[in-house]
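Okay, so here's the structure we're looking at.
The values are calculated or read from the model by the stated rules, or taken from the named source; none is laboratory data. Bear in mind the structure is a predicted one, so any value in this text is a computation, not a measurement. Every residue, glycine as well, gets a Cβ built from its backbone with ideal geometry; the counts of neighbours run over all protein chains shown.
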Amino acid sequence: MNDRIRENLTAVKQNITNACKKSGREAESVRLVAVSKTRPVEDLQEAYVCGCRDFGENKVQELVEKYEAMPKDIRWHMIGHLQRNKVKYIVDKVYLIHSVDSVRLAEEISKEALKKDVTVSVLVEVNVAGEESKFGTMAEEAVSLVEEIAKLPGICVKGLMTIAPYVENAEENRLYFAKLKQIYVDIIHKNIDNVCMEELSMGMTGDYEVAISEGATYVRVGTGIFGERQYSTV
Ligand SMILES: *Cc1c(COP(=O)(O)O)cnc(C)c1O
């Protein structure tokens with residue numbers, strides 16, 4: 001079938017192990033989210049057969065369709081911008097929402113979580129580089145946003161996420177990963193009730209090794225596993 005996905009996965013996992021070794025971390029301390037957005041279900045099945053259980057999607061409808069089509073032991077990660085009116089479709093299907101960036105969105109998640117009697121784990125997305133084009137809360141507001149969300153029932157803040165700028169040289173993003181880590185440490189020191197800062201979701205195909213050396217616990221890799229995405233439909 002598709003040996004390319006198997007080979008890519010082996011290479012990515014090896015890179016993760018090497019990056020962990022270099023920075024004196026346990027290989028198990030970093031989890032790989034296979035970003036399967038735009039990919040056909042067959043590609044996900046191939047990754048599943050190779051041992052992947054964490055998949056990342058950025059659109060609600062696509063996540064729900066793949067959730068229905070794939071085995072039930074998969075941990076689904078919502079990594080894209082989430083509209084409040086679509087929260088209800090995924091609260092009982094996702095393992096972790098990486099992209100919470102406002103109190104209003106968190107309130108909606110809380111409301112739907114209570115209806116379905118679940119607790120939803122979330123990360124707060126921080127726009128550390130302050131890019132106009134990106135979602136995420138500004139770095140200065142991250143701590144107070146975490147404090148606000150922590151007051152809501154049915155939702156548990158597990159950490160922070162960032163999408164670093166697109167750069168040619170991954171080293172250019174090191175300061176942003178370090179900055180997210182610093183905000184994370186600041187939040188830990190505040191000892192906020194109902195917040196357990198454990199996860200740092202940072203690093204994509206171009207820069208996950210740098211992110212690991214700055215403390216990433218989740219790396220989100222799409223292209224590096226599945227190849228270039230085709231957005232056009234023909
Ligand atoms: C698409 C996407 C990724 C994966 O990007 P690649 O460069 O293909 O690895 C990671 N995180 C988010 C939030 C994404 O939207």
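Would you mind stating whether residue 81 is within 15 Å of the ligand (Cβ to nearest atom), surrounded by fewer than 18 Cβ atoms within 10 Å (Cβ to Cβ) and within 18 Å of the chain's Cα centre (by Cα)?
yes
If residue 220 passes every condition in (1) within 14 Å of the ligand (Cβ to nearest atom); (2) part of a helix (DSSP H, G or I) but one, which one does it miss?
(2)
Any residue in segment 146-160 that is within 24 Å of residue 120 (Cβ to Cβ), near the ligand (Cβ under 10 Å from one of its atoms) and at pLDDT 95 or above? So that I can check it myself, show each step before the final result.
The initial filter retains those residues of segment 146-160 that are within 24 Å of residue 120 (Cβ to Cβ), namely 146-160.
From the residues that got through so far, the ones that are near the ligand (Cβ under 10 Å from one of its atoms) too are none.
No, because not a single residue in segment 146-160 is within 24 Å of residue 120 (Cβ to Cβ), near the ligand (Cβ under 10 Å from one of its atoms) and at pLDDT 95 or above.
One residue is enough: does segment 177-190 have a residue meeting the conditions more than 12 Å from the ligand (Cβ to nearest atom) and part of a loop (DSSP other than H, G, I, E, B)?
The answer is no; no qualifying residue exists.
How do the pairs read when you match residues in segment 196-213 that are free of Cβ contacts under 8 Å to residues at least 24 places away in the same chain and under 17 Å from residue 15 (Cβ atoms) with residues anywhere that are within 14 Å of the ligand (Cβ to nearest atom) and in a helix (DSSP H, G or I), using Cβ under 9 Å and keeping only pairs 6 or more apart or on different chains?
Within 9 Å, the pairs are 205/12; 205/223; 205/224; 205/225.
Please list, ordered by first then second residue, the pairs with beta carbon atoms under 7 Å, 6 or more apart or interchain, first in segment 131-143 and surrounded by 14 or more Cβ atoms within 10 Å (Cβ to Cβ), second acidic (Asp, Glu) and not in a loop (DSSP other than H, G, I, E, B).
Cβ pairs passing all conditions: 135/125; 136/125; 137/125; 143/186.
In this structure, does residue 210 turn out to be more than 14 Å from the ligand (Cβ to nearest atom), assigned to a helix (DSSP H, G or I) and either surrounded by fewer than 24 Cβ atoms within 10 Å (Cβ to Cβ) or at negative phi (or both)?
Answer is no for this residue.
Would you check if residue 25 is within 14 Å of the ligand (Cβ to nearest atom) and part of a loop (DSSP other than H, G, I, E, B)? Working first, answer last.
Values: within 14 Å of the ligand (Cβ to nearest atom): no; part of a loop (DSSP other than H, G, I, E, B): yes.
No, not satisfied.
Could you tell me whether residue 115 is in a helix (DSSP H, G or I) and more than 16 Å from the ligand (Cβ to nearest atom)?
Here the answer is yes, as residue 115 does meet what is asked.
On the basis of being within 23 Å of residue 230 (Cβ to Cβ) and at pLDDT 95 or above, does residue 98 make the cut?
Against the criterion (within 23 Å of residue 230 (Cβ to Cβ) and at pLDDT 95 or above), residue 98 does not qualify.
Please go through segment 45-76 and give me each residue that is more than 20 Å from residue 31 (Cβ to Cβ) and in a loop (DSSP other than H, G, I, E, B), ordered by number.
The one that is more than 20 Å from residue 31 (Cβ to Cβ) and in a loop (DSSP other than H, G, I, E, B): 59.
Using beta carbons and a limit of 8 Å, which pairs, at least six apart or on different chains, have the first residue in segment 77-97 and under 14 Å from residue 157 (Cα atoms) and the second one within 15 Å of the ligand (Cβ to nearest atom) and in a loop (DSSP other than H, G, I, E, B)?
What qualifies is 97/82.
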